[in-house]
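Peer 1: Pasting in a structure now, in structure tokens, and then I'll have a few things to ask.
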Ligand code: UD1
């Protein structure tokens, strides 16, 4: 791969980070849930596996997933599956909300940082859940759960969502202070309300959940994936290409669009579509700092780092959200990039070109960043460990080759 312009149009599917909590919340109602535009990614398959172990039936139907939750009986989360995806921790809130008991394995560390769950537990304890941590298992007793006030010391996305789901069937009003404001949290509110829940305030720092007695099944289309959209924008930007992304929310992409405009891209907001025209040469943007929404998303940092490698000038990137998100710099440097990392800061001095070689994905977004590097590198780039990319991008290579990239999935050593 390398050297082709990314051009054409593509329709975005449901967002991984919207669908995962929505799948978790699909155990709450009495009645089936149908998720439209459900992305065919590994994390969704793993979450469906967890739902099955709890007693749900799940079924793919033409890009949608049907969840039949009528026979849910188990409040113990399977150990091996739960460790596969960190988002299994999202099940804690809904299992407690539905069955008032939950046993979950303590999630291990992960590629991009330690990722503690103290805020999730603090939030649930504020609702009266008794939690015992014994030998790596969390035994949660929610038989005396009640509505309450939850203050999050940091606006954690997962902790906000867990408390929303735990409280939606609890009598009374629960308030989350310093809630995360990501668009996916607004989408979870829309989903729960579509099932008859009563939540307001998502998208602001104060969320109010009025518990309802029961909820009903629903058919729902989650918001599209702003990180997949942002990654494709980077692909077009760095190859001097031209893309039309359909079914996106340009408003949610503003933090990314603003930086790409600084780098020389022309971006047109067409309502539910977004058009990006990449320049002949990218220019370095002003310092980029990851922040909780509406700041620059940490999930787009690695991709911006990759394209900054060939932007004229010096780019400074500061990662404030996760402590270990510069893992790809070693491989990018081997490809010819000039990057200096000091703790949470990376300084990139743009070079004229990168050269292709065999590299590896170290995490989901870092893997996508290496594919972007391959798109601009001279010669052939082989990205190993693409299982990381499959966690969050459905058939990434097909998506990119439909837009003109020379890219294919290969099996190394017959694996
Ligand atoms: C979600 C997203 C992930 C994104 C992240 C930040 C999903 C499935 N994943 O992850 O793609 O990168 O938001 O936008 O939606 N923290 C604590 N204690 C906690 C919880 C979090 O200290 O109990 C810290 C984390 O270590 C991290 C920061 O808070 O440094 C942000 O984490 P959080 O917002 O919780 O991210 P996730 O929900 O795990």
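Peer 1: Given (1) under 17 Å from the mean Cα position of the chain (by Cα); (2) farther than 30 Å from residue 61 by Cβ; (3) buried (at least 21 other Cβ atoms within 10 Å of the Cβ), where does residue 255 come up short, assuming only one miss?
Peer 2: The failed condition is (3).
Peer 1: Any residue at all in segment 101-118 that is within 15 Å of residue 22 (Cα to Cα), away from the ligand (no atom under 13 Å from the Cβ) and not in a loop (DSSP other than H, G, I, E, B)?
Peer 2: Within segment 101-118, the subset within 15 Å of residue 22 (Cα to Cα) is none.
Within segment 101-118, none of the residues are within 15 Å of residue 22 (Cα to Cα), away from the ligand (no atom under 13 Å from the Cβ) and not in a loop (DSSP other than H, G, I, E, B).
Peer 1: Can you name the residue in segment 268-284 that is buried (at least 19 other Cβ atoms within 10 Å of the Cβ) and either within 23 Å of the chain's Cα centre (by Cα) or under 24 Å from residue 12 (Cα atoms) (or both) and, of all such residues, is nearest to the ligand (Cβ to nearest atom)?
Peer 2: Going through the qualifying residues, I end up with 274.
Peer 1: If you don't mind, another one. Could you check, for segment 77-96, whether at least one of its residues is away from the ligand (no atom under 13 Å from the Cβ), out of contact with any strand residue (DSSP E or B) (no Cβ under 9 Å at 6 or more places or on another chain) and either assigned to a loop (DSSP other than H, G, I, E, B) or not assigned by TED's automatic domain parsing to the domain that holds residue 196 (or both)?
Peer 2: No: zero hits.
Peer 1: Just give me the residues in segment 372-411 being free of Cβ contacts under 8 Å to residues at least 60 places away in the same chain, crowded, with 17+ Cβ neighbours inside 10 Å and outside any loop (DSSP other than H, G, I, E, B), in sequence order.
Peer 2: 383, 389, 396, 397
Peer 1: Pick out, from segment 285-358, the strands (runs of 3 or more DSSP E) lying fully within it that include 2 or more residues that are farther than 18 Å from residue 261 by Cα and more than 15 Å from the ligand (Cβ to nearest atom).
Peer 2: Qualifying strands (runs of 3 or more DSSP E): 338-342, 345-349.
Peer 1: A follow-up question, please. Before we move on, is residue 141 touching a strand residue (DSSP E or B) at 6+ places or on another chain (Cβ under 8 Å), modelled with pLDDT of 95 or more and farther than 27 Å from residue 292 by Cβ?
Peer 2: Answer is yes for this residue.
Peer 1: From the list 207, 185, 199, 192, which residue is assigned by TED's automatic domain parsing to the domain that holds residue 61, more than 30 Å from residue 396 (Cβ to Cβ) and not in a strand (DSSP E or B)? Can you show your working first?
Peer 2: Values: 207 fails: not in a strand (DSSP E or B); 185 fails: more than 30 Å from residue 396 (Cβ to Cβ); 199 fails: not in a strand (DSSP E or B).
Going through 207, 185, 199, 192 in turn, just one is assigned by TED's automatic domain parsing to the domain that holds residue 61, more than 30 Å from residue 396 (Cβ to Cβ) and not in a strand (DSSP E or B): 192.
Peer 1: Give segment 50-68 a look and list any residue that's away from the ligand (no atom under 16 Å from the Cβ) and in a helix (DSSP H, G or I), or say none.
Peer 2: Correct list: 52, 53.
Peer 1: Additional query: For residues in segment 129-138 being assigned to a loop (DSSP other than H, G, I, E, B) and surrounded by fewer than 17 Cβ atoms within 10 Å (Cβ to Cβ), which is nearest to the ligand (Cβ to nearest atom)?
Peer 2: My answer is 136.
Peer 1: Of everything in segment 139-173 that's part of a strand (DSSP E or B) and surrounded by 22 or more Cβ atoms within 10 Å (Cβ to Cβ), which residue is farthest from the chain's Cα centre (by Cα)? Break it down stepwise before answering.
Peer 2: Just the residues of segment 139-173 that are part of a strand (DSSP E or B), to begin with: 139-141, 149-151, 173.
Those left that are additionally surrounded by 22 or more Cβ atoms within 10 Å (Cβ to Cβ): 140, 150.
On the way: 140: 26, 150: 24 Å.
Only one residue fits best here, namely 140.
Peer 1: Right, next: Would you mind finding the one in 199, 173, 185 that is in contact with a strand residue (DSSP E or B) (Cβ under 6 Å, 6 or more places away or on another chain), within 12 Å of the ligand (Cβ to nearest atom) and without any contact (Cβ under 8 Å) to a residue 60 or more places away in the chain? First the steps, then the outcome.
Peer 2: Values: 199 fails: within 12 Å of the ligand (Cβ to nearest atom); 173 fails: within 12 Å of the ligand (Cβ to nearest atom).
After applying the criteria, what remains is 185.
Peer 1: Looking at residue 357, is it in contact (Cβ under 8 Å) with a residue 24 or more places away in the chain and either under 27 Å from residue 242 (Cβ atoms) or under 20 Å from the mean Cα position of the chain (by Cα) (or both)?
Peer 2: no
Peer 1: Now for a separate question. Which one of these does residue 142 not meet: (1) on the phi > 0 side of the Ramachandran plot; (2) in contact (Cβ under 8 Å) with a residue 24 or more places away in the chain; (3) away from the ligand (no atom under 16 Å from the Cβ)?
Peer 2: Here residue 142 meets the rest and fails (1).
Peer 1: Provide a single number: the residues in segment 312-331 that are more than 30 Å from residue 205 (Cα to Cα) and surrounded by fewer than 24 Cβ atoms within 10 Å (Cβ to Cβ).
Peer 2: Qualifying residue count for the region: 7.
Peer 1: Is it true that residue 207 is within 19 Å of the chain's Cα centre (by Cα), within 16 Å of the ligand (Cβ to nearest atom) and at pLDDT 95 or above?
Peer 2: Answer is no for this residue.
The values are calculated or read from the model by the stated rules, or taken from the named source; none is laboratory data. Treat the numbers as computed from the prediction; the structure is a model and nothing was measured. Cβ coordinates were reconstructed from backbone atoms using ideal geometry, including for glycine residues, and neighbour counts include every protein chain displayed.
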